[in-house]
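Contents: one structure, followed by commentary.
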Amino acid sequence: MAEINVMETIPEKMIIPLKQHNGDICEPLVSKGEVVKVGQKIGECPSDKCAAIHSSVCGEVVSVEESSHPSGNRINSVVIQPIEETECEDFTPFKDSGKEQLISAIKEAGIVENYGNPTHLVLNPPDCDIDTVLINATASEWVGHNYETPLEYASQMLDSLRLLMKAAGASRGVIVLRNDDKDSIDAFDGLDYEGKTIMVAPLLGKRRVDYYFNDQNTDIIVVSQDKIYGKNIFEYFTYNVTGRKVSFRCTPASAGVAICGVKSAKAIHDLVNTGMPYIETVVTVSGQVNNPQHLLVKIGTTFRDVIEACGGYSGEPAKLISNGVITGVAQYEEEVPVTKMTTSIIVQGKDEVRKDISKECIHCARCVDVCPVDLIPNRIAALANQGRFDECKQMHVENCIECGRCSSVCPSKIHIMQLLQYSEEAIAKAYEDLSEKESSNLKLGCACGSE
Amino acid sequence: MTLTISAPPHIKQDTTFRKITWIKYLALLPVSLVSVYFFGLHALALILAGIGMAVVTEVVIQKAFKKEVTVTNGHAPLIGLMVALLVPGEAPLWIPIVGAFFAVAIGKHAFGGIGSYIFNPVLVAWVFLQLAYWSAMHPASFPELGGISDLFLENGAGMLVGVSPIALVGGLYLILKRYVEWKVPLFYALTTLVLALLIGDKIGHVVTGAFIFGVLFLATDSPSSPVTKNGRIIYGILCGLLTVIYGHFANYVFAVFYGIFLANCVAAFIDNNTLPRSFGEESLLQRKYRRLVNKIPLEKLGVKIDD
Ligand code: SF4
Ligand code: SF4
């Protein structure tokens, strides 16, 4: 059974980017030469679309400068030279606080979903009401964070879900597990929570959560479904779990759904119970390293230090990838920090790196067979290549969850997923540019509580 | 340390078009050998003539139009080989030469090359030869499956491909390994057999080398068949229907080729009319179908599932 190791070594240098979320970049609160403590706030939010940044170590600020970021850009970052001592800020727990308090505490603690949206915006979106909170545990297992046993994971997750529901003002909560994640399913199954026995229910066919809410007559249920992954899964996930459709260019919030990850759920649990802000996360290190493992690291540790803590490379590395081999980003260098959005680090050796040239599509239909949302990727890719975006829209390109399976099976090595993203972006742009008047007969905008 | 940067996904299957094509040669090797054994060295000459002309044509055309020369992906020689397999054992040497030229020049490149042609080039050439040089293309006899031994060596074979139906099962391996798609051949074969039984045609006439070749190698030619899931089923059924209609009134050997050729015409039409709906919401029938398919323990049978 896998377990979590804690990274004990203190690196020589920590790089803490001032932007670890989607939205506005934070303003630095410290300058060169200052000494910071663990948990001290070093980045202040200029607006609401932002999450605060905290120092994860005790040390001296070496500089505040542009530095590499795992997204591939260069971002203003605080570089800290840590010292041995671990002097902490005084954390105050937030037990028994109300909705408003919780939301602002979450924002102040800088809690961010692993896909980048600040959690306080997910739970409390402007002008929308959330009635259902989903915790998506399909991508991570119980080893996804610092838990001792699956059982502890299960009961803490349920507590976290309560908190999330309270913060969102939602009346119902769902934890979605993965069908083949036996450890977690066993841990949840039969657990007593608030006087009720939890039963893990599979999502089958048209039986979605509404059915189980009525069936089990509770406000918290645990369900399981097949693994889905991708960068853009929220519409599909919402549809799969609740049966609600999210209209084009809208977020699940417009359908009254908030989707959280295991990591942010854990972070909120910690925040409420200890007051600790979001300064550490678990990354899964795999590939060509000597000791692949799950490692609890402080945010801001560089990939190089993480890999050293895992025993170093086991060969000549040729590719360094953050966040998964399917949708992740290949890195330029090792000197990039772990951020709140980093979930895994993968090292590939020389023989794993493929160099292919795209050829003509041979209509082999392999991409059609693997697409989880039933698109015709080859045709949409061809249309996107020719700039026929309106036709892409007719073929539901917006449903693409960007899982990359089509690109990975294509014998002609066409960059199908990128072409689809390209057309999706072009369509989104076109909608933004439409003036009010022209769009009068088009249904634009996201009405809350819509179907 | 140098790190490679590229767009995701960072793992890809190593199946390439080139690999798929070369594996088809392996699958066609047994039948070619048996045909040489059966028709003598003349058959070898026919095959080599077909392959040679296809290669020359492709190189000349791609050089003339200043395109990248792609013979090494094996597609053009494969066309040449398949054309040669479809001529009678006694045909003069120039028949596969003309055929291979026509297949590659008109059937493939005039329509825009790989991925753009709408008719299977092999069938384009075959139909052309059949119409233009009827007497040279008419096989001396039509095979009939009498007993088990005919499965291995068919004495009534007229064309090279008819010599040994069993030698063609290499095509099944392609399907099991998912190098070619399985819906079209399955539904094609089923439809043909069921319909032929219903209208009382002798199965011995239906199951010939030509039919198996058609099901496993011609109908599965991906550029000229539809891509949607339902489209491929409809296409398979249509191929079978057309084959039986022609075969009932004439013979089942030609029926296979004409049937697939005609079905090629509507492949794009089928595609356009079977585009899936948003999130692939299924109809009742589809749901039933999927339940059925999900029950087949493919993995246990050693079939590789793409994922
Ligand atoms: S089109 Fe490709 S990337 Fe998009 S959902 Fe389908 S398989 Fe995944
Ligand atoms: S997998 Fe590639 S070659 Fe095959 S149909 Fe899709 S895009 Fe075309």
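The values are calculated or read from the model by the stated rules, or taken from the named source; none is laboratory data. What you see is a predicted model; the values in this text were computed from it and never measured. In this analysis, Cβ positions are derived from the backbone assuming ideal geometry, glycine residues included, and neighbour counts consider all displayed protein chains. In case anyone asks, the SASA skips ligands and DNA or RNA and just uses the protein heavy atoms, side chains included. Shrake-Rupley method; radii C 1.70, N 1.55, O 1.52, S 1.80 Å.
List of remarks:
- Only one of B:Y235, B:Y252 that is in contact (Cβ under 8 Å) with a residue 40 or more places away in the chain, within 14 Å of another protein chain (Cβ to nearest Cβ) and surrounded by 23 or more Cβ atoms within 10 Å (Cβ to Cβ): B:Y235
- A:M157 hydrophobic (A, V, I, L, M, F, W, C), more than 30 Å from A:F248 (Cβ to Cβ), without any contact (Cβ under 8 Å) to a residue 24 or more places away in the chain and touching a strand residue (DSSP E or B) at 6+ places or on another chain (Cβ under 9 Å): no
- Considering the conditions (1) away from ligand 2 (no atom under 15 Å from the Cβ); (2) over 22 Å from the mean Cα position of the chain (by Cα); (3) modelled with pLDDT of 55 or more; (4) not in a loop (DSSP other than H, G, I, E, B), A:A447 is excluded by exactly one of them, (4).
- Strands (runs of 3 or more DSSP E) wholly inside the stretch A:143-247 that include at least 3 residues being among the aliphatic types (A, V, I, L, M): A:172-178, A:220-225
- Residue within the stretch A:305-320 that is crowded, with 21+ Cβ neighbours inside 10 Å, in contact with a helix residue (DSSP H, G or I) (Cβ under 9 Å, 6 or more places away or on another chain) and more than 8 Å from chain B (Cβ to nearest Cβ) present: no
- Test: B:V215 is in contact (Cβ under 8 Å) with a residue 24 or more places away in the chain and over 25 Å from B:I270 (Cα atoms): no
- Per-region count, the stretch A:392-427, residues away from ligand 2 (no atom under 14 Å from the Cβ) and β-branched (V, I, T): 3
- Answer residue from the stretch B:154-200, given it is farther than 29 Å from B:I20 by Cα and at pLDDT 85 or above and is least open to solvent (accessible area, probe 1.4 Å) among those: B:A196
- Residue within the stretch A:374-381 that is in contact with a Pro (Cβ under 8 Å, 6 or more places away or on another chain) and within 7 Å of chain B (Cβ to nearest Cβ) present: yes
- Looking at A:I42, A:I80, A:I15, just one residue is buried (at least 18 other Cβ atoms within 10 Å of the Cβ), without any contact (Cβ under 8 Å) to a residue 60 or more places away in the chain, part of a strand (DSSP E or B) and not charged (D, E, K, R), and that residue is A:I42.
- Between B:T70, B:T16, B:T21, B:T2, the distinction of being open to solvent by 40 Å² or more (accessible area, probe 1.4 Å), free of Cβ contacts under 8 Å to residues at least 60 places away in the same chain and within 14 Å of another protein chain (Cβ to nearest Cβ) belongs to B:T2 only.
- Considering only residues in the stretch A:361-389 that are hydrophobic (A, V, I, L, M, F, W, C) and within 8 Å of ligand 1 (Cβ to nearest atom), the one that is nearest to A:K413 (Cα to Cα) turns out to be A:C367.
- Residue in the stretch B:24-32 that is within 14 Å of chain A (Cβ to nearest Cβ), part of a loop (DSSP other than H, G, I, E, B) and either within 20 Å of the chain's Cα centre (by Cα) or closer than 20 Å to B:I95 by Cα (or both) present: no
- Within the stretch B:218-232, the residues that satisfy the criterion of being of a type in the set (A, V, I, L, M, F, W, C) and either farther than 20 Å from B:F142 by Cβ or within 14 Å of chain A (Cβ to nearest Cβ) (or both) are B:A219, B:V227.
- Note on the stretch A:364-391: residues that are more than 10 Å from ligand 2 (Cβ to nearest atom), more than 18 Å from A:K227 (Cα to Cα) and open to solvent by 30 Å² or more (accessible area, probe 1.4 Å) amount to 7.
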